[in-house]
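*Asks:* After the structure tokens below, expect a handful of questions from me.
The values are calculated or read from the model by the stated rules, or taken from the named source; none is laboratory data. What you are looking at is a predicted structure, and each value in this text was computed from that prediction instead of being measured. Cβ coordinates were reconstructed from backbone atoms using ideal geometry, including for glycine residues, and neighbour counts include every protein chain displayed.
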Amino acid sequence: MPRQRLSERQIERIQKRQERRRQHTRHLVADADEAPVREGLVVVRHGARLAVEDVDNRIYQCLVRQNIGHPVCGDRVIWQPTGTDQGVVSALLDRDTVLSRPDYSGRDKPLAANLTRLVVLLAPHPRPSKHLLDQYLVAAELMGVRSMLLFNKMDLLDIEALAAFQARFAHYRDLGYPSVWISLEDGRDLAPLAHRFSGETSILVGQSGAGKSSLIKVLLPDQQVQIGRLSEATGLGRHTTSAATCYRLPQGGRLIDSPGVRSFRLGAIGRSRLQLGFRELAPLLGQCRFNDCRHAQEPGCAVKQALMEGRVHPERLKNFQHLAANLTAEPQRR
Ligand SMILES: Nc1nc2c(ncn2[C@@H]2O[C@H](COP(=O)(O)OP(=O)(O)O)[C@@H](O)[C@H]2O)c(=O)[nH]1
Ligand SMILES: [Mg+2]
Ligand SMILES: [Zn+2]
């Protein structure tokens, strides 16, 4: 914030500009009242503006009516055209799923909607963080979306290192998380991969440098065309797609690149919800002798029992405990 006081003339100028903007929006919204309503898909959100894809595949730059919520990439909306390439969004349709994360003030902010699959990218470099991996998996479990682990850059490992790396993550496959090992560099095992994405709306998440953008490039031969179409529609430059962006796959289905999810963390969930997000711990919820069992030293702990019997992997329990210790305050029960 600048310390300097604004002069009266400056204030007047700013007010005039704001009024012009309001008039402009009112004008657009009034025009929209005449036009027939249509359904569309939000491809990307830039500030207050949305790029909306119509049923005829055209992209429209849309403003959003007030008080309809916060449409994001992947949302289905009702909108009306106001010009050749412009429109106004008047309603946000119900979401099947939504991935959110807390903003700077701790409030949940939606990132992408109507996902059917969460794809976590991992690679030998950057060093994988299993805390981050488990947070993604918890988020997916809690929103009811299937997830998948995609291990990239296998070209960097020799046979022994590959075996060791696979062993480190074997318990995820045992938990039922599909795990796929690829190299975008040498094109290893890519063909069956494209198949897995067809008909799904998948979001790519993972540490920066794991290969998300590289994967998008490989799976979308016309990515540059799609980006061009988008930047035209949004009026923004070609390389400004820093928000979650929904691409169309040639074989059907959608792929969402999510630069913003790099620093993902779970929102204000309570301990029980966190436990429900660990699929092997979920059935043990309420099974301990004490209601408020922390699964530490308590007698009659179902989780410790499962750990001893090998039904729970020690590393997953460690990550659970770590995440549980760092939870924000338990939200009020409804
Ligand atoms: N050796 C190797 N490098 C890769 C592979 N896939 C991607 N990279 C490189 O890893 C770096 C980060 O990739 P990028 O797609 O930008 O990662 P993002 O941050 O997740 O989007 C780039 O320099 C890529 O060329 C791979 O399979 N093998
Ligand atoms: Mg990237
Ligand atoms: Zn317990």
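*Asks:* Somewhere in the range 182-192, is a residue closer than 27 Å to HIS313 by Cα, in contact with a strand residue (DSSP E or B) (Cβ under 9 Å, 6 or more places away or on another chain) and more than 16 Å from ligand 2 (Cβ to nearest atom)? Before the answer, list the steps.
*Replies:* At the first step, the residues of the range 182-192 found to be closer than 27 Å to HIS313 by Cα are 182.
Retained after the next criterion (residues that are in contact with a strand residue (DSSP E or B) (Cβ under 9 Å, 6 or more places away or on another chain)): 182.
Subset that is more than 16 Å from ligand 2 (Cβ to nearest atom): 182.
For the range 182-192, residues closer than 27 Å to HIS313 by Cα, in contact with a strand residue (DSSP E or B) (Cβ under 9 Å, 6 or more places away or on another chain) and more than 16 Å from ligand 2 (Cβ to nearest atom): present.
*Asks:* How many residues, within the range 21-42, are surrounded by 10 or more Cβ atoms within 10 Å (Cβ to Cβ), in a loop (DSSP other than H, G, I, E, B) and modelled with pLDDT under 80?
*Replies:* Going through the range 21-42 one residue at a time, the tally reaches 2.
*Asks:* Within the group GLY228, GLY176, GLY187, which residue is over 20 Å from GLU141 (Cβ atoms), loosely packed, with under 15 Cβ neighbours inside 10 Å, away from ligand 1 (no atom under 16 Å from the Cβ) and not aliphatic (A, V, I, L, M)?
*Replies:* Values: GLY176 fails: over 20 Å from GLU141 (Cβ atoms); GLY187 fails: away from ligand 1 (no atom under 16 Å from the Cβ).
Within the list GLY228, GLY176, GLY187, the selection yields GLY228.
*Asks:* Can I ask one more? Can you list residue pairs whose Cβ atoms sit under 7 Å apart, with the first residue in the range 177-192 being touching a residue at least 24 places away in the same chain (Cβ under 8 Å) and more than 16 Å from ligand 3 (Cβ to nearest atom) and the second being in a strand (DSSP E or B) and among the charged types (D, E, K, R)? Count only pairs 6 or more apart in sequence or on different chains.
*Replies:* Close Cβ pairs satisfying both conditions: ILE182/ARG188.
*Asks:* Right, something else. Within the range 9-20, is there a residue that is closer than 30 Å to PRO110 by Cα and either in contact with a Leu (Cβ under 8 Å, 6 or more places away or on another chain) or modelled with pLDDT of 80 or more (or both)?
*Replies:* no
*Asks:* Considering only residues that are within 16 Å of ligand 1 (Cβ to nearest atom) and of a type in the set (A, V, I, L, M), which ones fall in the range 254-296?
*Replies:* First, the residues of the range 254-296 that are within 16 Å of ligand 1 (Cβ to nearest atom): 255-264.
Result: LEU255, ILE256, VAL261.
*Asks:* If you take the residues of the range 207-225 that are among the polar types (S, T, N, Q) and assigned to a helix (DSSP H, G or I), which of them is farthest from ligand 3 (Cβ to nearest atom)? Spell out how you get there, then give the answer.
*Replies:* So the first thing to find is which residues in the range 207-225 are among the polar types (S, T, N, Q), and the list is 207-208, 213-214, 223-224.
Add one more test, that the residue is assigned to a helix (DSSP H, G or I), and what stays is 213-214, 223-224.
Details: SER213: 42, SER214: 42, GLN223: 48, GLN224: 53 Å.
Here the answer is GLN224.
*Asks:* Given the conditions (1) part of a strand (DSSP E or B); (2) under 11 Å from the mean Cα position of the chain (by Cα); (3) among the small types (Gly, Ala, Ser), which single one is not true for ALA139?
*Replies:* (1)
*Asks:* Kindly state which helices (runs of 4 or more DSSP H) lie completely within the range 158-206 and contain at least 2 residues that are under 13 Å from ALA123 (Cβ atoms), over 21 Å from the mean Cα position of the chain (by Cα) and in the same structural domain as THR245 (by TED's automatic domain parsing). Let's see the steps before the verdict.
*Replies:* Values: elements: 159-168, 170-174, 191-197.
Filter on the range 158-206 gives 159-168.
*Asks:* I'm trying to understand the selection: among the residues of the range 201-233, which are aliphatic (A, V, I, L, M) and free of Cβ contacts under 8 Å to residues at least 60 places away in the same chain? Give the steps one after another, and end with the answer.
*Replies:* Restricting attention to the range 201-233, the residues satisfying the condition of being aliphatic (A, V, I, L, M) are 203-205, 210, 215-216, 218-220, 225, 227, 230, 233.
Correct list: ILE216, VAL218, LEU219, LEU220, VAL225, ILE227.
*Asks:* Looking at GLN86 and the list (1) touching a residue at least 40 places away in the same chain (Cβ under 8 Å); (2) in the same structural domain as GLY211 (by TED's automatic domain parsing); (3) surrounded by fewer than 23 Cβ atoms within 10 Å (Cβ to Cβ), which single condition is not satisfied?
*Replies:* Unmet for GLN86, out of (1) touching a residue at least 40 places away in the same chain (Cβ under 8 Å); (2) in the same structural domain as GLY211 (by TED's automatic domain parsing); (3) surrounded by fewer than 23 Cβ atoms within 10 Å (Cβ to Cβ): (2).
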